[in-house]
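I have placed the structure first, in the form of structure tokens, so that the comments after it can refer back to it.
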Amino acid sequence: MAPHSLLDGHDDGPTSNGFSHNGSHADSSIQPGNGVSNNQSHLKRTPLESVHDLVCVGFGPASLAIAVALHDSIERGNLLKKGDASSPKVLFLEKQPKFAWHAGMLLPGAKMQISFIKDMASLRDPTSQFTFLNYLHKNGRLVEFTNLNTFLPARVEYEDYLRWCASFFNDVVQYNTEVVSVSPNKASESAGSVSTFTVTSKNIKTGALTSYTAKNVLLAIGGQASIPKCLPSNHPRVIHSSQYAHLVPQILDNRDSPYRVAVVGAGQSAAEIFNNVQTLYPNSRTSLIMRSEFLKPSDDSPFVNSIFNPSFVDSLYQRSAENRHSLLEGARSTNYGVVRLELIERLYERMYDQRREIGSDERKWPHRILSATDVVGLDTKGGQLRLTVRPLGLTKPHDYSSGENGLQNGTGEEEILEVDLVIAATGYKRQSHLAMMEDVADLLPRANESNGTSASNGFGSKFSESRIKDHALRVSRDYSVQFAPGKVSPRSGIWLQGCCEGTHGLSDTLLSVLATRSGEIVNSIFGESA
């Protein structure tokens, strides 16, 4: 989950929460300021057969911030095209049926980790109508929110804010639309350099294919759920943490049943789910299985947190690849495999209470944390899930032919856990853009060709230079793909968001720099006047 949420220590209730996920709480009768009414933006619907100035693939917070930046630029009079009064031809394609942001992890009591000032607009233009404060004002809660004395709104309220923003752009968003490829337009390619791209999409409901033409394409498709190879990826009782709030009530439909749930992972999502299952199902038995030795607290101290400042992107990008890699690895405790200290302390207290009430034999505890433990595999035969776990460093598997069950992982032996559900809180992969861009490969420089920037070959996969076939996918400071000289016209291009962590920093996949980054990208695509 990014950003990590924060549980306030006062509400560990069930996943249901008073907010409908079918639409925004915003009152459609409220008239937004700045000359716009009825929740409509300055971006206008254009014929689908038009040559679009920009097609954005995905409509999550990253692309929403682009839409907001475009609207604000038009509001200031900077983006009306020369020679006519039309706004840019822009289209957003989103495979979800409606706007949603981490809806599967909207747990009760969960709060944002970052300040509401890092919203869709404030750090770029605090006078924008799309600030979080204006959202509160339009919904009649500004004074009451002030009385909370916090910069950290509830995550469910922040998602409602995002959906409120998104509702202004319905005219230029096509939902239930999954983009399958981005290709150079052959007609423009024959002129010497590519000036337009073809974006091919599939209707989620009908399967029908549609093609759009665009001068510029922005890919902001987010992460794809990562399930460990040792677990089946298509079993109905093995789910990813992103599906938690949606699927768990359906799979485990009896609140009083003694369900056995295993959670795999050591980050904030894993800890939140481990904590929440115990409240949802008071008779449950839960296991938190993690490779790390301890639950580690996230580092949100102010000096370290400067890594999420917009200005830090400039500082990081100009460094050598080796230096970037070293810095980002050292800063992982700000975002990866870490848990908010308040939740760690709560879970430790729960483990202590079990030790005091039940004894030191952890096998008898209903809720266990199996640290320094690896998942070996899952046996699904006969409808019973049998999860095999093994302490890290154990090389000789336990012999189960003797009829003995495996002991608690602290004994250094394998253990078999019989479970009703496995939840993998194991993060996300961000590789889908590579397959989507396969037809663009020939426009990219060869992997062994230098373009004046340092490659990052030889490092871990997260920070390695991406490749499509035998071509290098490199990204400029303004998030545009670097093509081979002369291959693409100067006013055309492809832009990437959410998959540039190795060059642009840990904030690349988070909310922290969205407002500023969107302004930079809009300016790069549409000119200095934007």
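The values are calculated or read from the model by the stated rules, or taken from the named source; none is laboratory data. What you see is a predicted model; the values in this text were computed from it and never measured. Cβ placement follows ideal geometry from the backbone for every residue including glycine, while neighbour counts extend to all protein chains displayed. Quick note on the areas: whole protein, heavy atoms, side chains included, nothing else; ligands and nucleic acids left out. Shrake-Rupley method; radii C 1.70, N 1.55, O 1.52, S 1.80 Å.
Some points to look at:
- Phe145 meets the stated requirement of being among the aromatic types (Phe, Trp, Tyr) and over 21 Å from the mean Cα position of the chain (by Cα).
- For region 290-309, the tally of residues that are within 27 Å of Cys230 (Cβ to Cβ) and either among the polar types (S, T, N, Q) or without any contact (Cβ under 8 Å) to a residue 12 or more places away in the chain (or both) stands at 2.
- The lone criterion from (1) under 26 Å from Asp53 (Cβ atoms); (2) out of contact with any Asp or Glu (no Cβ under 9 Å at 6 or more places or on another chain) left unmet by Ser183 is number (2).
- Test: residue in region 206-226 that is among the charged types (D, E, K, R) and at pLDDT 95 or above: yes
- For region 113-132, taking the residues that are over 24 Å from Gly77 (Cβ atoms) and touching an Asp or Glu at 6+ places or on another chain (Cβ under 8 Å), the one that is most open to solvent (accessible area, probe 1.4 Å) is identified as Gln113.
- Leu93 being on the phi < 0 side of the Ramachandran plot and open to solvent by less than 10 Å² (accessible area, probe 1.4 Å): yes
- Whichever residue in region 212-252 is among the β-branched types (Val, Ile, Thr) and within 23 Å of Arg291 (Cβ to Cβ) and, among such residues, is most open to solvent (accessible area, probe 1.4 Å): Ile227
- Any chance Leu343 is within 18 Å of Ala266 (Cα to Cα) and not charged (D, E, K, R): yes
- Residue match in region 253-273 (condition: more than 24 Å from Glu342 (Cα to Cα), surrounded by fewer than 24 Cβ atoms within 10 Å (Cβ to Cβ) and polar (S, T, N, Q)): yes
- Number of residues in region 146-181 that are open to solvent by less than 30 Å² (accessible area, probe 1.4 Å) and over 22 Å from Phe99 (Cβ atoms) equals 1.
- Strands (runs of 3 or more DSSP E) completely within region 438-504 that count 1 or more residues being at pLDDT 85 or above, in contact with a Phe, Trp or Tyr (Cβ under 8 Å, 6 or more places away or on another chain) and closer than 20 Å to Ser524 by Cβ: 493-496
- Unmet requirement for Glu144, which otherwise passes all of (1) within 21 Å of Leu511 (Cβ to Cβ); (2) free of Cβ contacts under 8 Å to residues at least 12 places away in the same chain: (1)
- Check on Ser518, at pLDDT below 95, assigned to a helix (DSSP H, G or I) and surrounded by 22 or more Cβ atoms within 10 Å (Cβ to Cβ): no
- All positions within region 278-297 that are of a type in the set (Val, Ile, Thr) and closer than 19 Å to Glu362 by Cα: Thr286, Ile289
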